[in-house]
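The block underneath contains the structure these notes are about, expressed in structure tokens.
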Amino acid sequence: MAIRNIREMGDEILNKKCREVTEVNDRIRTLIDDMLDTMYESNGVGLAAPQVGILKRIVVIDIGEGPYIMINPVIVETSGEQTGNEGCLSVPGKMGTVTRPNYVRVEAYDEEMNKFEIEGTELLARAICHECDHLDGHLYVELVEDGLHDVNYEEDDE
């Protein structure tokens, strides 16, 4: 397991559509482990494979409930609406207001290529939508309603 370099906005790989994973081999398992390590090291709640330079449809998310690993995720249902601040490990030091669904249902595959469904609301729904956007070459900055603003970490700690 290793910490990988996170690609930042302006890197063309972040604007490319990812390829589906057809089999989980040792390289994919290592990638997933590295993505989790990288996400935790960076204090993120989610990370998509293109953010570490790999054009594969893989997402890891942990909103504090333990990690979700999704291979080839597809959002099959959304409802409601939430608006709030959003940030991204690929856009360090910035945040912006984004409106997302408040509920999502996703079909994906686990590390054994078994299909499963996951439902999420609030932060989990936001994270799923954000990370799935990465798989299609989109960054949250495309959806920001009030422009990007600097993150003030001192205020966040209070």
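Tabulated results
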{"item": "FRET efficiency estimate (nearest 0.05) - Cβ-Cβ, GLU65 to THR99, R0 25 angstrom", "result": "0.60"}
{"item": "The chain: angle of helix 26-41 to the longest principal axis, Cα-based, in degrees nearest 10", "result": "20"}
{"item": "Crossing angle, helix 122-135 versus the chain [Cα axis fit, 0-90 degrees, rounded to tens]", "result": "60"}
{"item": "Full-stretch length increase - SER42, GLU8 - with 0.36 nm per residue and alpha-carbon distance subtracted", "result": "10.9 nm"}
{"item": "Gain in span if fully extended, GLU117 to LEU143, counting 0.36 nm per residue against the direct Cα distance", "result": "6.8 nm"}
{"item": "Largest-first principal axis extents of the Cα set of the chain (Å)", "result": "42, 34, 30"}
{"item": "Whole-Å distance, taken between Cα centres, linking region 1-57 and region 93-158", "result": "15"}
{"item": "Cβ-based charge dipole, the chain, positive-most Cα from GLY66, THR30, LEU89", "result": "THR30"}
{"item": "Hits among aspartates and glutamates - C-alpha to C-alpha of LYS16 under 20 Å, sequence gap 8 or more where chains match", "result": "GLU8, GLU131, ASP133, ASP136, GLU142"}
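All of the numbers you see were taken from the coordinates with simple rules; none came from a lab. All figures in this text were calculated on a predicted structure; none of them were measured in a lab. As a convention, Cβ positions derive from the backbone with ideal geometry for all residues, glycine included, and neighbour counts pool all protein chains shown.
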